[in-house]
Protein chains: 4
Amino acid sequence: MIDKVRLAVVGVGNNTSALVQGISFYRRTGSRVGIGRPEVDGIGVGDVDVVAAFALSGDKVGRDLHEAIFAAPNNFPRIEDALAPSGVVVERGLVDDGGIERVAGLVKGAEVLLYSAPSGRPEIARAYAEVALTAGAAFVNTTSDPVARDPELLRRFEAAGLPLIGDDLASQFGTSVLHHTLLRLLAERGITLTSSYQVNLGGTEDFRNLVANPNTKHQSKVNALGSAQVQIAPLGYLPHLGSQKIAHLNLEAQGWAGTAVSLDVRLVVHDPSGAAGVNIDLVRMAAGAARAGRGGYLAEAAGMLKSPPGTAI
Amino acid sequence: MIDKVRLAVVGVGNNTSALVQGISFYRRTGSRVGIGRPEVDGIGVGDVDVVAAFALSGDKVGRDLHEAIFAAPNNFPRIEDALAPSGVVVERGLVDDGGIERVAGLVKGAEVLLYSAPSGRPEIARAYAEVALTAGAAFVNTTSDPVARDPELLRRFEAAGLPLIGDDLASQFGTSVLHHTLLRLLAERGITLTSSYQVNLGGTEDFRNLVANPNTKHQSKVNALGSAQVQIAPLGYLPHLGSQKIAHLNLEAQGWAGTAVSLDVRLVVHDPSGAAGVNIDLVRMAAGAARAGRGGYLAEAAGMLKSPPGTAI
Amino acid sequence: MIDKVRLAVVGVGNNTSALVQGISFYRRTGSRVGIGRPEVDGIGVGDVDVVAAFALSGDKVGRDLHEAIFAAPNNFPRIEDALAPSGVVVERGLVDDGGIERVAGLVKGAEVLLYSAPSGRPEIARAYAEVALTAGAAFVNTTSDPVARDPELLRRFEAAGLPLIGDDLASQFGTSVLHHTLLRLLAERGITLTSSYQVNLGGTEDFRNLVANPNTKHQSKVNALGSAQVQIAPLGYLPHLGSQKIAHLNLEAQGWAGTAVSLDVRLVVHDPSGAAGVNIDLVRMAAGAARAGRGGYLAEAAGMLKSPPGTAI
Amino acid sequence: MIDKVRLAVVGVGNNTSALVQGISFYRRTGSRVGIGRPEVDGIGVGDVDVVAAFALSGDKVGRDLHEAIFAAPNNFPRIEDALAPSGVVVERGLVDDGGIERVAGLVKGAEVLLYSAPSGRPEIARAYAEVALTAGAAFVNTTSDPVARDPELLRRFEAAGLPLIGDDLASQFGTSVLHHTLLRLLAERGITLTSSYQVNLGGTEDFRNLVANPNTKHQSKVNALGSAQVQIAPLGYLPHLGSQKIAHLNLEAQGWAGTAVSLDVRLVVHDPSGAAGVNIDLVRMAAGAARAGRGGYLAEAAGMLKSPPGTAI
């Protein structure tokens, strides 16, 4: 029987709620539903123990992790009805690059440090990478802040024999991959795109933040779909959706002799599920590589990242 | 400048209307909209001349091809406003395997004979293959009747240095390829399908016939999607749709920890356009191979056929 | 506090499952969700006791009602997790017009007899009306079999001071009322309908029967929508939908100067819920009228019936 | 034969393009498609002559009205292929409250002055009302700027025997009326709304302005639907949509015993058509009333206005 992966998480938001509840769900049920890779380097989805967690909110710090994941503004649904206390108390995280030693002392020998805080604070992201180096843990950066794209940091992880995975998590299944797939399908079949749009609606704190600061994400989406014919409508923050994301896609195209081809899609997913389904793979890859003595970037993670090393910062 | 392909067509239904009007559209406009392969063996989409056409209906036989393609029950829209007379008079086709010599004498030196009649009359299909052999033309069978799957026929075409392409046209873009693509995408991302359905609505004579004889097509669709979770609703013949086909697809699935993923799609296409967009490629492949002296089956056509040689009859 | 209505039900299918579970749900929760009329003649939705039930299936007869409602092919979901035994054992019902006295002796003083069996057996429907007359109970006919439309039967109920409500239940909310509403809205606003379609998909035994015998229902739908532009696609029996019904509606229309107006709708409902939500009202109306000494037809029920007295048989 | 209504229009945007082309369409075809009221006070939809038009853009002023309606940023489609010159040259309109006399001299005896400029310049709106009073014309205010809601102005129109209709045009058919109708239908049937959203996408200059200044319109929509459960997503300006508006509506509700009812709608309309279809009625009402000597507000217009006299400014 394989040793459980010892995991420390930074950020106790919806994505961590989904990850923690999901690990419990798969252990309890033995189900493989929604799982792309039942094992990574021999490590199952239930073979991960969260041993430390860090947050900043007064509603989360000091509480047991299994309570803190349900504190507002988190709104990922309660999947596991009766979660026993985890025994992990959420600790206060970093607010600047002071305190790296303190936090490194609290990760309790974690093999992997998963950085799952909101994007937009690159100094904090790098400070946690220093925590990982200090504590001898692999680092997974799910935010768009550049960490793995920093060549100097990457070199130091490599030298330390510690994996460094990042940056920017690609969801297991979401609007982008679906839109891409449909655009590519039309192109493959010789159907000419006339116009296309995408609208995304959601109710998480992440959505609220993106609505308040739309430009970055919006621009990256447009670039990602790489076509002047594809237009992305502004994100809509609709609190009643909770952690659901709803997307409306439209593709108008022309087939033989210019006759119309029209495609309308409505997609419903839970964003935190899409994150957790990838995080579980990244964490296991990081642990497997660390155990095998492989440090630095892991090429096998590229497909699960939006901005791996080498892409623009 | 390349010699135009001399083409004889059997069947003057919607698919032939789309093919004939489309060739005119591309010649007139120079557009490449809706075209997957601008050239096949150097042959452009406008480099095809219809030199003979065969039908059975009294409303079509004896009329110029450019009038006959608009005769009822054809309902593919008029794309080309002002089609000059083609000079090709629609001839009476075969009603049994008598008359092969007569028809072979009427194909006017066609390089390719495109069999685009309704499915379900295998003797007639094979008789037209004999016409092709007699006249020294390549043969393209777009129906589900077994012709290219008949090893003896295939051997004879091979021996004669004549291409034989078939059987059963796969549409350029339709419900099946879209449904397949979405099912595969979910599987690739580790999302577990719970259930899925597909409803197809159309207004052509082809649809009316399928509704009257649903079993064959329905069964082949179920097999094609290859999953007990995928259910195909009965075809709906809705005359007001004309040559449009409308499909509603639903996929219900489970992601991480069993959370719901839901996908609803509405697709609108013109079935005859989907057929013409593939027929133009098959005809050009057949002509190109014939000119190069390659007889028998053409492996490069496999992706455009539902039942190539080797599949069950 | 009002006396509970004593109710006997004929048919232990999905509709009865929804009715029985719903009464339990409203008693337990005090909720008024999904309820149009909290009280009818002072009778609340929880003020109904089922005192007798009749079925034919060997899987239902002889079992407690709270078990029998979950027997196959019933597939209405289990809404009430922990239903205590009802104390009502399902009795064998009528197979022809013999046994009226026997069944009348088993209704245990019910004030109302709710006939909720499959449509299509008019003799049985009338035999149960005789049971009601014999037992002194009001009669509610939810099937399309003519009972309340039989003037002689109606006269006898009137003479006996017993309410007779029927025929053919209109759902609380379903495809027909939605389609009607949208068609009327367009007409009111001066928008000209060009074409419209409706597709209904479901997974109940009722759907399976309708698919096997489509003509009656289909024809009545067409008549109900009363427009040559509205086309109804064949019903689709998709077992995985369970008691859900999914409808796709499309309306294509023309506004000012012929510009396009297009409306696509996807509706998801539970058919048995739509039936139970109306049955609870009809039963309470019947009980209220019976208690007030009003026999015969009740005009206030007309809006909940497809074929009240006076419409064609 | 009735005398044609002499109409002056302020604003040569999409709505005026739709109105002008539509009048030509109905005269040419005799069609009544998309028309709610073929006659108002005996005046048909073709019985309106535009005799004067005012704009500010250098691309429109000085050009014939039948050219100016196609100048950018107008993007309402060309419905009438061959519009002969109208003979009406677009004049420069007011930029402040100076020039009232000059403009009044240019309306050429119009019976009705239709104010169809962008909302948000209340002084200009009132200045044009003064133009109408000076010229002896009825006034129709389609903007949300308060004109008819100004009691003093209303009194002066009444005293002058001139109709004053406003404020704020309600579309002939659009998202609001559809959403209202669906919400009301659920309520009537006793179905309990859980949540609902609405997304509107469009490509006109009007949409671009609303996206830049979202608060007013958004707030009025929320108020109009009058329910905390209804959430309106931000408007999306998608230029490729042209004058089409696309709306996605969702309604989640609960029926009997809390079972789910779900409704998803996609609506496509042309906003300028929705405006023209109402403007033609308001203009005819104004002319009819003026001819009958009725001044001031016309109660029969209330249903076509969002903010008639008496509503808050």
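What to note about this one:
- Averaging the sequence gap over all C-alpha pairs within less than 8 Å and six or more residues apart, then dividing by the number of residues, gives region D:175-269 a relative contact order of 36 percent.
- Residue of chain A whose Cβ sits closest to the axis mapping A onto B, with distance in whole Å: A:V265, 2
- Dimensions in Å of region A:39-118 - Rg and Dmax from alpha carbons: 13.9, 39
- Size of electric dipole in the protein assembly as shown: Cβ of Lys, Arg +1 and of Asp, Glu -1, about Cα centre, debye, nearest 20: 0
- Mean-square fluctuations from a GNM of chain A, with a 10 angstrom spring cutoff on Cα atoms, peak among A:L263, A:L251, A:L235 at A:L263.
- Shown here is the pair-distance distribution of the protein assembly as shown: with all Cα-Cα distances grouped in 20 Å bins from zero up to the longest one, the shares run 10, 30, 35, 23, 3 percent.
- Expressed in units of 2.2 N^0.38 Å, where N is the residue count, the Cα radius of gyration of region B:34-187 is 1.16.
- Per-residue [θ]222 nm for chain A (sum of -39500 (n - 2.57) over DSSP H runs n ≥ 4, rounded to 500): -10000 deg cm²/dmol
- Distance from the alpha carbon centroid of region B:1-38 to that of region D:143-168 works out to 62 angstrom.
- Taking a point 7 Å out from the Cα of A:D49 in the direction of its Cβ, the residues of region A:18-40 whose backbone N falls within less than 20 Å of it are A:19-30, A:40.
- Within chain B, DSSP assigns beta bridges of which about 50% are antiparallel (rounded to the nearest 5).
- For region D:236-313: rounded, prolate or oblate by the Cα gyration tensor [a/c cutoff 1.5]: oblate
- Dipole magnitude for region D:175-269: about 80 debye, using +1 per Lys or Arg Cβ and -1 per Asp or Glu Cβ, origin at the Cα centre.
- Relative to the other identical copies, D:K4 shows label-point distances of 5.0, 7.8, 8.6 nm, where the label point lies 7 Å from Cα along the Cβ direction and values run shortest first.
- For region C:103-254, the convex hull drawn through the C-alpha positions has a volume of 139 cubic angstrom per residue.
- Karplus-derived 3J(HN,Hα), 6.51/-1.76/1.60, for each residue of region B:252-261, Hz, glycine and proline x: 10, 8, 10, x, 3, 6, x, 5, 6, 10
- Across region A:137-188, the volume of the C-alpha convex hull divided among the residues equals 109 Å³ per residue.
- Gyration tensor (alpha-carbon) shape descriptor, region D:26-82, a/c threshold 1.5: prolate
- A Gaussian network model of chain C, with springs between Cα atoms under 10 Å, assigns the largest mean-square fluctuation among C:A290, C:A135, C:A187 to C:A187.
- Residue among A:L169, A:L65, A:L201 with the largest mean-square fluctuation in a Gaussian network model of chain A, springs linking Cα atoms under 10 Å: A:L201
- Relative pair counts by distance (%), Cα atoms of chain C, 10 Å bins: 6, 26, 33, 23, 9, 3, 0
- The ellipsoid that matches the Cα gyration tensor of region B:175-270 has semi-axes, each √(5λ) in whole angstrom, of 27, 14, 10, with the longest given first.
- Using C-alpha pairs below 8 Å separated by at least 6 residues, the relative contact order for chain A is 21 percent.
Laboratory data are not the source of any read-out in this text; all were calculated from the coordinates shown. Since the model is a prediction, treat every value here as computed from it, not as a measurement. When we count neighbours, we look across all protein chains shown, and the Cβ atoms used for this are built from the backbone with ideal geometry, even at glycine.
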